[in-house]
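Got a structure for you, written out below as structure tokens; questions coming shortly.
The values are calculated or read from the model by the stated rules, or taken from the named source; none is laboratory data. Everything numeric here is computed off the predicted structure, so don't read it as measured data. In this analysis, Cβ positions are derived from the backbone assuming ideal geometry, glycine residues included, and neighbour counts consider all displayed protein chains. Ligands, DNA and RNA are excluded from the accessible area calculation, which covers all protein heavy atoms including side chains. Shrake-Rupley method; radii C 1.70, N 1.55, O 1.52, S 1.80 Å.
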Amino acid sequence: MKKSLFIAITMLTTLANAGVTTKLNDLDKHLDSKLQKHIKEMRPFVERGNSSAKLFFIPHERAEIIKSTTEFLNELKKVEAYKPDKSHGLRSKKRAQRNYTRLLAKTIKYKYLAKYLNFSFLGMNPYVAVLSEDDKERGHSAKAFRKSIRKALRQSWDVLNRKSNIDDHRSGKEELDDNAFFHLSDLSKDISGFKKLESKYNQLSNEQEEILENNVRDYMLNIYELKDTIKDIDWKVGAYSPLYHLKVFLLKAASYIALPGKHKISLETLKKVDPIMAPGDIGLIQRYNKLSNIVFKGNWTHSLIYLGKYSKMASFFNKDAETQETFKNKCIAEKLACDSFISYLMAKHPKQMSKYIKSDSDKDPIATIEALKPGVILFTMKKSMGWDNLAIVRPKLSKRDKALSIATAFDNLGKPYDYNFNGQTNERFVCTELVSYSYAANPNISKKGLSWEMNYVMGKPVMYAFDVLETFFKREQSGNQELDLVLYLKGSKGEYGKSRNGTREELLSTLDLTD
């Protein structure tokens, strides 16, 4: 009786383990299909990232990258149901098949993780920078992404540091029994123990052994390529080290230091020229005598998006039927209690909009949105634009596209300042990054946008305030001019509160357009 019961239990266990193995084999095929779908969707982005280090992906492109990435990684997580990372003892014959399935799951996991990472890193810094930042809306964690890289590399740490012939590995000439298969730092514990058990009880078929070996071979081939590529990529760009925080401290300190002197553009002057400015205009600022100016290139060191006081902005957009229809539809799509542009901003940003509306009757009302050392904030007219020289340019866009750009800027209120000055990242902004990000095109919602002249500093694309003016002047005679010059307020030397309307030629003289 006991013997029959033992045999029955053994048979049931064997059948159950066989069922799990079948499911894993099916999952393997499923993951292969999902990875091929991801590669097909992302190949254009990866190829663009590989072709130009100056590239930075605009918001709707970043959303597509994160969406496809998240979908694949969520599929890969299904392997976790088989607990591939758990340590399992190999003490008895009846545990052999169960541990085979766990080991199979582990090799499947790292095979596809390595393939995914190897493909992603072909996109170089522009593509990897997207994955190196959190995207809470789509459930992407930069920390988890970096952790997956470390885990994938750690599996092969021993073999990658052995003095082996990589060409032999890549060509498959070496036998796995004598090389990488048994030297994987984490996998080797399970594999070597399992091989001993298997040889004792002869539980592993040739087919099963071949599957394990092929999985690890695929993993290793991709890891070798990844190890070569990763040397040239800043895949930790989203991680802010103690050195970053030291840089923040030093640059913030420098921003508070200025030589004696008062600024040229008064609040009265700003109010006189305010009627010719329109919501959505882009402001460029020159601030003399600031120690922090040595950090930035060129004379123009700050940019902003002009809103105007609340009543002005509301009147400007409320009269545009296309804008109101667009935001009425956005309210419905996002299930918000609103039916217009202004009510949409109120529904999404009640505290900030209440502050904005309340300031309407102030002597110095809120009139801009910009990125400063506190982060992305709403700022008052005098504090924002009352400096030494001011240029205003106007995007050649519809009111609808300007409203969509302003809404994007509002969505980034509170984000921190980017002391890395990296145009490829969008979770932190410098002033011009906020402008470029907000005014990016988005064909998914038929939004037209602006393109810019860019700099490239220390391996990163960087946009300075003077780049906005360079964009205007360099394209002035071309057919792709996207900006109009609205005004140039030129401060009078040595006189506080004295400024005048400068000419186009005077403004041009402040720039060096040579590449």
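Answer with yes or no whether R400 is more than 25 Å from the chain's Cα centre (by Cα), closer than 16 Å to S438 by Cβ and part of a helix (DSSP H, G or I). Full working, then the answer.
On the way: more than 25 Å from the chain's Cα centre (by Cα): yes; closer than 16 Å to S438 by Cβ: yes; part of a helix (DSSP H, G or I): yes.
Considered against the rule, which asks whether it is more than 25 Å from the chain's Cα centre (by Cα), closer than 16 Å to S438 by Cβ and part of a helix (DSSP H, G or I), R400 comes out as yes.
Being within 25 Å of the chain's Cα centre (by Cα) and of a type in the set (F, W, Y) narrows it down to one of F341, F379, F410, so name that one.
On the way: F341 fails: within 25 Å of the chain's Cα centre (by Cα); F379 fails: within 25 Å of the chain's Cα centre (by Cα).
The unique qualifying residue is F410.
Hey, another quick one. For the range 478-515, name all the residues that are in a loop (DSSP other than H, G, I, E, B), surrounded by 12 or more Cβ atoms within 10 Å (Cβ to Cβ), modelled with pLDDT of 80 or more and of a type in the set (S, T, Y).
Matches in the range 478-515: T510 only.
So that you can scan it fast, the table gives a plain yes or no per residue for (1) under 26 Å from I276 (Cα atoms); (2) among the β-branched types (V, I, T); (3) assigned to a helix (DSSP H, G or I):
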residue: I305; (1), (2), (3): yes, yes, no
residue: Q324; (1), (2), (3): yes, no, yes
residue: K328; (1), (2), (3): no, no, yes
residue: C338; (1), (2), (3): no, no, no
residue: L345; (1), (2), (3): yes, no, yes
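Among (1) closer than 20 Å to F57 by Cβ; (2) touching a strand residue (DSSP E or B) at 6+ places or on another chain (Cβ under 6 Å), which single condition is F379 missing?
If we test F379 against (1) closer than 20 Å to F57 by Cβ; (2) touching a strand residue (DSSP E or B) at 6+ places or on another chain (Cβ under 6 Å), just (1) comes out false.
Considering only the range 467-489, I want to know if a residue exists there that is in contact (Cβ under 8 Å) with a residue 60 or more places away in the chain, of a type outside the set (A, V, I, L, M) and under 19 Å from A129 (Cα atoms).
No, the range 467-489 contains no residue that is in contact (Cβ under 8 Å) with a residue 60 or more places away in the chain, of a type outside the set (A, V, I, L, M) and under 19 Å from A129 (Cα atoms).
Another one. For Q286, are the conditions met, namely being open to solvent by less than 70 Å² (accessible area, probe 1.4 Å), modelled with pLDDT under 95 and not β-branched (V, I, T)?
So Q286 fits the description; yes.
Counting just the residues of the range 405-430 that are at pLDDT 90 or above and open to solvent by less than 10 Å² (accessible area, probe 1.4 Å), which one comes out farthest from G502 (Cα to Cα)?
N412
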